[in-house]
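As C-alpha cells, the structure follows; a few thoughts come after it.
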C-alpha cells in the first residue's frame, strides 16, 4: 500500500483520495479485495424498542421486519416529495447504526428529534467514537478498530466514487439539488425505486408525489451517465450547467476517471432532452448513457390495467 494522498477539499476532505495507484485500487475494490476509509461521514444511532417502526413511518424505506445485519438506505422527503435528507445504516438487533453525508447530520438529527413525540426512541451522534468503512460492504466500526478493519489493501475515495458513478448511483446533495424527487434519480425494479424507496410500504411524507409520478406520469428530469471528453484533461464541477447546443439541458453532478470507461459523470437532465443529444458541461463535450428512462412512467401504466 502506497502513501495516502488525502482529499484536500470538498465533502470528502480529510480522508484518502488514493494511495498512489487509483486505477489498480478501482480494480481491487470492484473485486471486493480492498477497503475504503469513509471515517469523515457522520455516524449516529437510533435506539429504543420503537426504532424500526418509527423510521418506517417517517421515511421512504420499509424498516418494519428489517433483519439484523442487513444494510438499507432511506430518504426523508418534504411534503412535495423532494429529497430533504438521506441516511443509510444497519440494525444490530438492538440499535440502528446510521450514517449520512458530511455537513448534513445536524439538520437531520434536528428534524428527527422533532418527530420523536411519544415514541420510545433515542438519537445520539456517534461520530466521535465510530466510523464508516467499506469492508465487504458498508460497516460502522469503533474508531479504535479502524486501522485493523481497513487492513493492508485499501482503496481511496477516487475508486469508490468512480465505481459508484459508473453504476449510475447518485450521491444525494451532490448529484441532486433542492428540487429533486426520487423518481428522477432511481430506476423502478419490482417493489423498489432504487435503493431508498419502497413502493409498497404505505404512507409517509411526500409519498403521494412519488406514487403519482411512478404510476401516472414521467419524472420532469432524469439522471444520466455522461461519458466525458478526456482530451480536456479536466472534469466539470458539481453544479455546472449541462448544455445541448446553446440550450441549458440540466445540471452536472459528480465526476471521476474510471479505470475502464475513462472520465465519466452523472447529470440531471430535463426529460425533454433527447437521449442521443450531444452535450457539454463546463466546456467539456459529453455523450449520454441512459440511467433513468425519460418515458419510465409509460412502462408502468400497462401493468396497472
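Scanning region 180-192 for residues that are out of contact with any strand residue (DSSP E or B) (no Cβ under 8 Å at 6 or more places or on another chain) and either surrounded by 23 or more Cβ atoms within 10 Å (Cβ to Cβ) or assigned to a loop (DSSP other than H, G, I, E, B) (or both) yields a count of 1. Taking region 257-271 as the range and being closer than 19 Å to residue 218 by Cα and part of a strand (DSSP E or B) as the test, the residues that pass are 267, 268, 269, 270. Flag set for residue 175, criterion: surrounded by 14 or more Cβ atoms within 10 Å (Cβ to Cβ), in contact (Cβ under 8 Å) with a residue 40 or more places away in the chain, out of contact with any helix residue (DSSP H, G or I) (no Cβ under 7 Å at 6 or more places or on another chain) and not in a helix (DSSP H, G or I).
Restricting attention to region 151-158, does a residue exist that is within 25 Å of residue 91 (Cα to Cα), in contact (Cβ under 8 Å) with a residue 24 or more places away in the chain and touching a helix residue (DSSP H, G or I) at 6+ places or on another chain (Cβ under 9 Å)? No, region 151-158 contains no residue that is within 25 Å of residue 91 (Cα to Cα), in contact (Cβ under 8 Å) with a residue 24 or more places away in the chain and touching a helix residue (DSSP H, G or I) at 6+ places or on another chain (Cβ under 9 Å). Mind listing just one residue for me: the one in region 20-59 that is assigned to a loop (DSSP other than H, G, I, E, B) and in contact with a strand residue (DSSP E or B) (Cβ under 6 Å, 6 or more places away or on another chain) and, of those, farthest from residue 95 (Cα to Cα)? So, considering only residues that are assigned to a loop (DSSP other than H, G, I, E, B) and in contact with a strand residue (DSSP E or B) (Cβ under 6 Å, 6 or more places away or on another chain), the one farthest from residue 95 (Cα to Cα) is 34.
Among the listed residues 155, 160, which satisfies the condition of being within 30 Å of residue 289 (Cα to Cα), more than 15 Å from the chain's Cα centre (by Cα), modelled with pLDDT of 95 or more and surrounded by 17 or more Cβ atoms within 10 Å (Cβ to Cβ)?
Values: 160 fails: more than 15 Å from the chain's Cα centre (by Cα).
From the options 155, 160, the qualifying one is 155.
Among the residues of region 239-250, those that are in contact with a strand residue (DSSP E or B) (Cβ under 8 Å, 6 or more places away or on another chain) and surrounded by fewer than 22 Cβ atoms within 10 Å (Cβ to Cβ) comprise 239, 240, 241, 243, 244, 248.
Among what's in region 239-253 and is under 20 Å from the mean Cα position of the chain (by Cα) and assigned to a loop (DSSP other than H, G, I, E, B), pick the residue that is nearest to residue 174 (Cα to Cα). Across region 239-253, the extreme among qualifying residues is 239.
A single entry from 219, 236 fulfils the requirement of being in contact with a helix residue (DSSP H, G or I) (Cβ under 6 Å, 6 or more places away or on another chain), surrounded by 15 or more Cβ atoms within 10 Å (Cβ to Cβ) and in a loop (DSSP other than H, G, I, E, B): 219.
The values are calculated or read from the model by the stated rules, or taken from the named source; none is laboratory data. Since the structure is predicted, the reported quantities are computational estimates derived from the model, not experimental observations. Glycine also receives a Cβ, built like all others from the backbone with ideal geometry; neighbour counts cover every protein chain displayed.
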